[in-house]
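Notes for the one structure printed next.
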Amino acid sequence: MNIEIKEPLEKITGKLEEWLNALIEMLPNMAVAILIMIGFVLLGKFVKRIVHKALLKTDSNKAIRDLLCSISYYIVLGLGLFFILDILNLKQAVLSLLAGVGVVGLALGFAFQDIAANLISGIILAVRNPFHVGDIIEVKDVMGTVSRTNLRATIITTFQGQEVFIPNKDVLQSNIINYSTLGNRRIDLAVGVSYGDNLEKVEELVLETIHSLEGVIRKDDVIFDYVEFGSSSINFNIRFWITYPDQPGFLSMRNKAIKKIKQAFDENDITIPFPIRTLDFGIKGGQKLSEMQIKSANENE
């Protein structure tokens, strides 16, 4: 009985001694590993501060800034972990960890494909910075003001007062029209005048009217061009620039320009024609209007 107890105790004692000796032998490496880990923690914080300062100049989205700063910090810590495992002669653990990261990453990629796509797209948008909060943009036939952004979507408040959430990946893959970047916008008006009016006089009058409008900028770039002989009018386009987005605004300036052109035409006896239809009751199978009137009169008698 004593022999049966003694042998297991000797095995346990021997194993503990082996572990103790291994621990003593690894103490220098562990000390170096601790120093390296402290160094990588400090390095991670330093990199995080650098990234934060860089993003302050390029991105106004606090959520994106915090995310990128955290990612940079943990990347540095991850590199430090691999160094420490190698110093502690745990190469097999390094390989297993790398394999595990790959498998987990692959599984998460399939499971959260849309979430990952929106997250990465949000990061790319933050770096490229095609628009800011408060800009007027148009994406996927949605036009409005960028109210806020997050890691999943860009939120646009339309001019009708609704909030539209557009996934970041759709924003990144679509054409983005930013009306606020250049600070101006062109208004295009299509107008028609009658065939009996003097075209030179019309052009001079329209240009004078547009140049006199308060809010029109780049007056040397105003474009007037006749485009076609219409069915009842000679049509032309007038194109001029305004500050945008700003008061009085696109709709207000377009409204003002239309009223001023109409007023100028009225004061100078210039006609804006409209289509006229002539009804012919004398075609084959039809009835003349005069006969219809006579018949109606006879019935009334």
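Of the residues L79, L108, the single one that is in a helix (DSSP H, G or I), modelled with pLDDT under 75 and over 29 Å from N184 (Cβ atoms) is L108.
Considering only residues in the stretch 118-169 that are assigned to a strand (DSSP E or B) and of a type in the set (D, E), the one that is farthest from L251 (Cα to Cα) turns out to be E163. Every listed requirement among (1) exposed (fewer than 12 other Cβ atoms within 10 Å of the Cβ); (2) touching a helix residue (DSSP H, G or I) at 6+ places or on another chain (Cβ under 8 Å); (3) modelled with pLDDT under 65 is met by L56 save one, (3). Filtering the stretch 257-273 to residues that are within 34 Å of the chain's Cα centre (by Cα) and either over 14 Å from G192 (Cα atoms) or surrounded by 15 or more Cβ atoms within 10 Å (Cβ to Cβ) (or both) leaves only A257.
Just to be sure I understand, how many residues within the stretch 133-154 are under 9 Å from the mean Cα position of the chain (by Cα) and within 19 Å of I120 (Cβ to Cβ)? Residues meeting the conditions: 2. Within the stretch 224-256, restricting attention to residues that are under 23 Å from T271 (Cβ atoms) and among the aliphatic types (A, V, I, L, M), the residue that is surrounded by the fewest Cβ atoms within 10 Å (Cβ to Cβ) is V227. A Cβ distance below 9 Å, combined with a sequence gap of six or more or placement on separate chains, defines the contacts here; from the stretch 207-235, residues that are closer than 16 Å to R254 by Cβ reach residues that are of a type in the set (S, T, Y) in the pairs G215/T243; G215/S252; I217/T243. Consider the stretch 149-163 and keep the residues that are surrounded by 14 or more Cβ atoms within 10 Å (Cβ to Cβ) and out of contact with any Ser or Thr (no Cβ under 6 Å at 6 or more places or on another chain). The one that is nearest to Q113 (Cα to Cα) is R152.
Taking the stretch 219-268 as the range and being within 30 Å of G144 (Cβ to Cβ), modelled with pLDDT under 90 and part of a loop (DSSP other than H, G, I, E, B) as the test, the residues that pass are Y244, P245, D246, Q247, P248, G249.
The set of residues from the stretch 174-201 being free of Cβ contacts under 8 Å to residues at least 40 places away in the same chain and either crowded, with 16+ Cβ neighbours inside 10 Å or not in a loop (DSSP other than H, G, I, E, B) (or both) comprises L199, E200.
The values are calculated or read from the model by the stated rules, or taken from the named source; none is laboratory data. Note that this is a predicted model, so its numbers are computed, not measured. Glycine gets a Cβ as well: all are built from the backbone with ideal geometry, and neighbour counts include every protein chain shown.
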